[in-house]
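Novice: I'd like to ask you about the structure that follows.
The values are calculated or read from the model by the stated rules, or taken from the named source; none is laboratory data. Everything numeric in this text was worked out from a predicted model, so none of it was measured. Glycine gets a Cβ as well: all are built from the backbone with ideal geometry, and neighbour counts include every protein chain shown. Just so you know, the surface numbers come from the protein's heavy atoms only, side chains and all, with ligands and any DNA or RNA stripped out. Shrake-Rupley method; radii C 1.70, N 1.55, O 1.52, S 1.80 Å.
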Amino acid sequence: MNEQIPVLRDVDHGTARLMPDVDRERAWLLTVDGAPQSYVDLDAPDHLEFEYARRLGHVVDGAAAAGAPLDVLHLGGGGLSLPRYVAVTRPGSRQDVVEADGGLVALVAEHLPLPEGSGVTVHTHDARAWLEAAPAASADLIVGDVFGGSRVPAHLTSVAYAREVRRVLRPGGTYAANLADGAPFAFLRGQLATFATVFPETALVAEPAVLRGRRFGNAILVASDAPLDVPGLTRRAAGDAFPARVEHGAALVRFTGNAAPVDDAEAVGSPVPPDGAFGIG
């Protein structure tokens, strides 16, 4: 049983809290201003608790042959759940994590330290600025998981941003972004239209209830310049403890509808979640 006490600290962009999971000896839930950010089990770094994190893990699993190392750029760090997953499932991977909140970076380093030789380097920087300065064709996988509170920042939603993502990815590389929206999906449809102008292949992974507009929730956008392994992703998503559906091709075009790509001047953050949408317990 985890008998450690919660940790409360003011960080750059709010108040962070680390709460021990009483059922797992060295597992912690990280929240910022009450919004869940990460779940980390230091004894089982391949355990992904949150549904959206598991779906990002499905993308990681299909990004290359099983166990093959990857060069990964994570935009948004939180508790470093996904970098830990990559480090243990794909040993030898080189990973850069860009997290704008220096106070949060320090909190995680102190209480949820990465193991020696993890191959993960954490940088305190703005995600878009880091991306724009990154070398071309330097990443096999880019993960966008940046939330200011409970919203995706506007400057990470535009065509110009998507073009920078494609520039930094190697040919055949993959982009996966954690987004959040609810019916009528103005934000999500706009993101699909935006990335479809830059990448020839896109897909969307989400719980059926979210896709049907029954509730607000997370959706994972996947994009590449090469054909996506949609059957493999579909199998992994459907077989998970929290089953999800993959939309691709004509079905995704129908879902996107007549949404227009988003320019920097028109970009807005993802919508404010309704009360209780991302609550704990």
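Novice: Just to be sure I understand: of the beta bridges DSSP finds with both ends in the chain, what percent are antiparallel, rounded to 5?
Specialist: Expressed as a percentage, antiparallel bridges in the chain total about 65.
Novice: Grab the eigenvalues of the alpha-carbon gyration tensor for the stretch 77-139, scale each by 5, take roots, and send me the semi-axes largest first in whole angstrom.
Specialist: Ellipsoid semi-axes (Å, largest first): 19, 17, 8.
Novice: For q values of 0.09 Å⁻¹, compute log₁₀ I(q)/I(0) with the Debye formula on a Cα-only model of the chain, without solvent.
Specialist: Values, matching the q order: -0.38.
Novice: Another question, if that's okay. On C-alpha positions alone, give me the angle between the axis of helix 159-168 and the longest principal axis of the chain, in degrees, nearest 10.
Specialist: Once rounded, the angle reads 70 degrees.
Novice: Same structure again: Where does the charge balance sit around Val86 when Lys and Arg score +1, Asp and Glu -1, over other residues with C-beta under 11 Å from its C-beta?
Specialist: After counting each charged neighbour, the total is -1.
Novice: Let me ask something else about it. For the stretch 166-219, state what percent of all Cα-Cα pairs lands in each successive 5 Å bin, counting from 0 Å until the bin that includes the largest distance.
Specialist: Whole-percent P(r) values from 0 Å outward: 4, 18, 28, 22, 14, 8, 5, 0.
Novice: If I model a spin label at Glu266 and Leu8 as a point 7 Å from the Cα along the Cα→Cβ vector, what separation in nanometres do I get?
Specialist: Using points 7 Å along Cα→Cβ, the separation is 4.4 nm.
Novice: Mind checking the dipole of the chain: about its Cα centre, +1 per Lys or Arg Cβ, -1 per Asp or Glu Cβ, Debye to the nearest 20?
Specialist: On the way: 23 positive and 35 negative charges, 178 e Å.
Dipole size: approximately 860 debye.
Novice: Over the alpha carbons of the stretch 145-281, what is the largest minus smallest coordinate on each principal axis, giving the biggest first in Å?
Specialist: 41, 37, 26
Novice: To the nearest 20 debye, what is the magnitude of the charge dipole of the stretch 131-281 about its Cα centre, counting +1 on the Cβ of each Lys and Arg and -1 on the Cβ of each Asp and Glu?
Specialist: For the stretch 131-281, the charge dipole is close to 400 debye.
Novice: Taking DSSP loops as anything outside H, G, I, E and B, show the longest stretch in the chain free of trypsin sites (Lys or Arg not before Pro) there with at most 14 other beta carbons within 10 Å.
Specialist: After excluding every exposed loop site, the longest remaining stretch is 27-211.
Novice: Direction-averaged shadow area of the convex hull around the Cα atoms of the stretch 191-258, nm²?
Specialist: The directionally averaged projection comes out at 4.6 nm².
Novice: Here's something else I'd like to know. Using only the alpha-carbon atoms, how far is helix 51-62 inclined from the longest principal axis of the chain? Give it as 0 to 90 degrees, nearest 10.
Specialist: Helix 51-62 sits at roughly 70 degrees to that axis.
Novice: Could you tell me what a quarter of the Cα convex hull surface of the stretch 88-222 works out to, in nm² with one decimal place?
Specialist: 9.2 nm²
Novice: Report relative contact order for the chain in percent, whole number only (criteria: Cα-Cα under 8 Å, sequence separation at least 6). Can you show the working numbers first?
Specialist: Numbers: 591 pairs, mean separation 46.1, N = 281.
RCO, the chain: 16 percent.
Novice: Within the accessible area of the chain, what % is carbon and sulfur when the probe is 1.4 Å and the other protein chains stay in place?
Specialist: Accessible surface attributable to carbon and sulfur in the chain totals 53 percent.
Novice: Moving to a separate point now. Looking at the stretch 7-123 from every direction and averaging, what is the projected area of its Cα convex hull in nm²?
Specialist: Average projection, Cα convex hull of the stretch 7-123: 6.8 nm².
Novice: Still on this structure, please answer the following. Which value, in Å², gives the accessible area per residue of the chain when a 1.4 Å probe is used on the protein heavy atoms? Present the calculation step by step, with values, prior to reporting the outcome.
Specialist: Working: 12230 Å² over 281 residues.
Computed with neighbouring chains in place, this is 44 Å² per residue.
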